[in-house]
Amino acid sequence: MSVVRRSSSPRETGFTLVETLIGIGMLAFLGAGSFWTMNAMNVYATGARLQSEAIAKAEQQIDAILTKGPFDPTANPQLVPTVLTPGTTTQNGVLIYKDPVTGQVTVTGTMTTTVSDTGLTGTVGPTATTLNLWQATVTVSWTFRGRNYSAMLDTMRSGNQ
């Protein structure tokens, strides 16, 4: 028959209080780091979402500029849609983001549209002809967490003639 001898030293029977506290501290540090990382990822994702929404608003305005008609600046009187009126127009309170759960508008911005005639001409033989090529720039600006952001798109449109 074999005899199992047990150690009488408390060091060999389990973890000490210091070892347990160090382990708990390491777990707490890991949890806090994970929480901070998830929070930072959420902030970056929100910023990316706002950028995408602002670009979508600018694209909607660009689509209107490219499709509204008729556009014939050579006609008498000129046929120019309102969205293509030369100059700068500013629209405040443009919806950038609305919380899908609560329906609360959380971020609004300003959309600025600048339309100008490029004044370009083309020459065929001895005759110079106005190309009627107009440029439009759409800028959507907003503020999120105390920082200013903007998205800008450009386009050009020629007359329908």
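A few points about this structure:
- For the stretch 15-158, the dipole from Cβ point charges (+1 on Lys and Arg, -1 on Asp and Glu) about the Cα centre works out to 160 debye, to the nearest 20.
- Taking the C-alpha atoms only, the angle from helix 17-67 to the longest principal axis of the chain is near 10 degrees.
- Label corresponding to log10 I(q)/I(0) by the Debye sum over Cα atoms at q = 0.12, 0.14, 0.15 Å⁻¹ when calculated from the structure given, among (i) -0.74, -0.86, -0.92; (ii) -0.59, -0.75, -0.84; (iii) -0.66, -0.78, -0.85: (i)
- Computed 3J(HN,Hα) for the stretch 153-159, one whole-Hz value per residue from the Karplus formula 6.51 cos²θ - 1.76 cosθ + 1.60 where θ = phi - 60°, is 10, 10, 8, 9, 9, 9, x, glycine and proline marked x.
- Segment N76..T46, full-extension length gain: 5.9 nm, with 0.36 nm per residue of separation and the alpha-carbon distance subtracted.
- Residues with amide H under 5 Å from that of K98, placed H, sequence gap 5 or more: T106
- The phi torsions of the stretch 119-125, fed into the Karplus equation with coefficients 6.51, -1.76 and 1.60 and a -60° offset, translate into couplings of x, 6, 10, x, 10, 10, x Hz, rounded to whole numbers, with Gly and Pro shown as x.
- Most mobile of A28, A58, A151 in a GNM of the chain (Cα contacts under 10 Å): A28
- Ordered by the number of other Cβ atoms lying within 10 Å of each residue's own Cβ, fewest first, M111, M41 fall into the sequence M41, M111.
- With neighbour counts taken as other beta-carbon atoms within 10 Å, the residues I65, I24 rank, fewest first, as I24, I65.
- Projecting the Cα atoms of V124, V107, T74 onto the charge dipole of the stretch 15-158, computed from C-beta unit charges around the Cα centre, puts V107 farthest toward the positive end.
- DSSP-assigned coil residues among trypsin sites (Lys or Arg not before Pro) in the stretch 101-158, each with at most 15 further Cβ atoms within 10 Å: R145
- Highest-fluctuation residue, G14, G23, G47 considered, GNM on the chain with Cα pairs under 10 Å: G14
We did not get these values from a lab; they are worked out from the coordinates using the rules stated. Treat the numbers as computed from the prediction; the structure is a model and nothing was measured. A quick note on method: Cβ atoms are made from the backbone with ideal geometry, for glycine too, and the neighbour counts reach across all protein chains shown.
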